[in-house]
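The values are calculated or read from the model by the stated rules, or taken from the named source; none is laboratory data. What you see is a predicted model, and the numbers here were worked out from it, not measured in a lab. Cβ coordinates were reconstructed from backbone atoms using ideal geometry, including for glycine residues, and neighbour counts include every protein chain displayed. Remember, those area values only see protein heavy atoms, side chains included, never the ligands or the DNA or RNA. Shrake-Rupley method; radii C 1.70, N 1.55, O 1.52, S 1.80 Å.
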Amino acid sequence: MSDTSLILTGTASDDASNQVVAGSVSSSSVADSLAAAYASPTTTDTTTAGSLAATDYTGSSSVVSSAATQLESSGTSTSASLSSTGTAVSSTSSGTTSIQFLSASTAQVAADTSVANTVNDTNFTWSSSLAATKPFFVTTDQTALVDQSVSWAFQSVLGRNPTSSELQEYSSQIVLESLSTQNSQGFMYSDYSGLVKTLASSTEAANTLESYFVDYTGKEATTSILSEGQTLLAGEDTLANLKDAIITSDQTASAIASVYSDKLNITISTSGNEVTAWETMMENSSATLTDVVQGVTHGDEAQSIISDVYSSRLNITPSATEISTWEDALAGGQTYSSLVTSVSTGSEAQAVIIGVYEQKTGLPPSSDAVSAWESAFANGTTYSDMVTAVSEGSEASAAITSVYQQKIGVTPSASEISAWEDYLAAGASYRDLVNGVSTGQEAQQQIIAAYQTKAGITPSQSQVSGWEAYLASGATYSTMISVISHGQEAQSMIANAYTRILDETASSAQISAWEDVLAGGVTYDSLLDIISHGTEAQAMITGFYESSLERAPASSELEAAEDMLQSGSSYSDVKKAIANSAVS
């Protein structure tokens, strides 16, 4: 005797005239198994079986013996079908599979070679573990037996209890048979296979199966799959088993995995823990694929991924409202791809793109550049990628060159441009570039040179620092040149040049004219050269020669006197030199 897991149930009373025997036996001896279960009441099941209250069986052992004898006389499986007149026609088949005694609430699966267990289709394959279930009810109460049998058929095929009108309508399809063994005491058993076939071929059965496919796989089943499912139900497989087969199918596993992929861009194994957990929820509760979508899109992973999209594309942290809005949008049909596209092409993205260009190049991007970056974001480019590309692009190179030219009047070398590009890519801004160029060593050299070339003096440290700050705050090199050229130092230099070289006081008009000339590009040295070799200086030198030596100077003498003036000698020094040369 290999299995004693038999279920024996009856009414709440001790009346042996109204009892149901039900259970699950896998044994070489049916009678031995029944007897062993009867002798071991701890193995009994007190759950409700249909409309009958189930309690421990306490009746006489003759009922157990009669049931065992009846089943053994029928072989290892018993089935019945309705004839054209509605009368049950019993058929038996011999074999080695175990007989099943099952209550409506504790149905178990047994092998049945009369029904194909595997259904092949291009989209779905019924599990090969499915097999027919054949409960066996025994009682002396004809009404209870009929009601129990109708209830079982509805529960097993349609997954629900029959209504009172359905109990009456379908009772005629239940065939009752007596236990025709000695001491049967009026016990009967039922053949409900005809009703099972009727319900299995119904539109409700097909619609229920169809709804399970939609609920758990997200797709409609083909007609052939539904037909095969109804065939399995007609062969006394239960709807619960078929539902579990759909839930544990590759199609449901793929549908769950697709939710993670479509909504979160996460790849999970169809045999992984996530799929198993969701399938378990589907089996143990009313959860469907819709619940999977809701759970996945409103979980911690979804929130993290939404935040990551905002962070990686826009370098910002989304608000709780934005996250919640996207959770609902993903649950409502949006995908990870549409999330990325929307974040990458929205007003926030455009503002970020413009901000990066202004921060790195000092100028806003063109509309074409904005569109190009929106598309790049949508296709996987990150904020960091954009910052690097903009910092090292043609706009940044042009901005660096422009800053050098505007602030210190020079064109940067290729190495200087490259160094600033790297600095910008590492986090520096256009403002950092302006400040760096305006206050760097080259800027200091250019400020000093401007004073020397425009005013003929070396500026103090405070003057250099003042101009560094002025350049950094917005002034340009040309502004600095103009200011120095028109400043007090330049005016003093011009006036001194006139006094020393021409021995006269420069007029305001002459000073103003020379300021403009200096601002336009002429240097302090050029100014001295022009004044020293000008017509005024030549006339002055010639007049001295004529008044002192009574002759005009030779061209070489005139040039020598001019060179002395340019080199720093005063007009008095030149006259002394001319007089001394004449004495010698």
Practice problem: Compute the whole-percent fraction of alpha carbon pairs in the stretch 413-514 spaced more than 16 Å apart. | Solution: 63 percent
Quiz item: Using every alpha carbon pair in the stretch 184-269, what percent of pairs falls into each 5 Å bin from 0 up to the bin containing the largest distance?
Solution: 3, 13, 20, 18, 12, 10, 8, 6, 4, 3, 2, 1, 1, 0
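In µm²/s, what is D for the stretch 372-415 at 37 °C and 0.692 mPa s, where D = kT/(6 pi eta Rh) by Stokes-Einstein and Rh is the Kirkwood radius from Cα pairs?
Working: Rh = 11.9 Å.
Estimated diffusion coefficient is 275 µm²/s.
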Exercise. Compute the length gained on full extension between Asp300 and Ser271: take 0.36 nm times their separation in residues and subtract their Cα-Cα distance, giving the result in nm to one decimal.
Key: 8.3 nm
Quiz item: How large is Rg/Rh for the stretch 449-584, to two decimals, with Cα atoms and a Kirkwood Rh?
Solution: 1.11
Quiz item: Over the stretch 220-327, what percent of the accessible surface lies on carbon and sulfur atoms, probe 1.4 Å?
Solution: 45 percent
Quiz item: Per 5 Å bin from zero, what fraction in whole % of the C-alpha pairs of the stretch 332-447 is there, up to the bin with the longest pair?
Solution: 2, 12, 21, 20, 14, 11, 8, 6, 3, 2, 1, 1, 0, 0
Practice problem: Would you mind computing, in nm to one decimal, how far apart the modelled labels at Ser342 and Ser478 are, each placed 7 Å from Cα along Cα→Cβ? | Solution: 5.0 nm
Practice problem: Roll a 1.4 Å probe over the protein heavy atoms and report the accessible area of Glu562 in Å², nearest 10. | Solution: 10 Å²
Quiz item: Cross-link partners among aspartates and glutamates for Lys454, C-alpha distance below 20 Å, same-chain residues fewer than 8 apart left out?
Solution: Glu442, Glu468, Glu489, Glu515, Asp516, Asp525, Asp529
Quiz item: Can you flag which of Lys360/Lys407; Lys197/Lys219; Lys263/Lys360 are past 24 Å Cα-Cα?
Solution: Lys197/Lys219; Lys263/Lys360
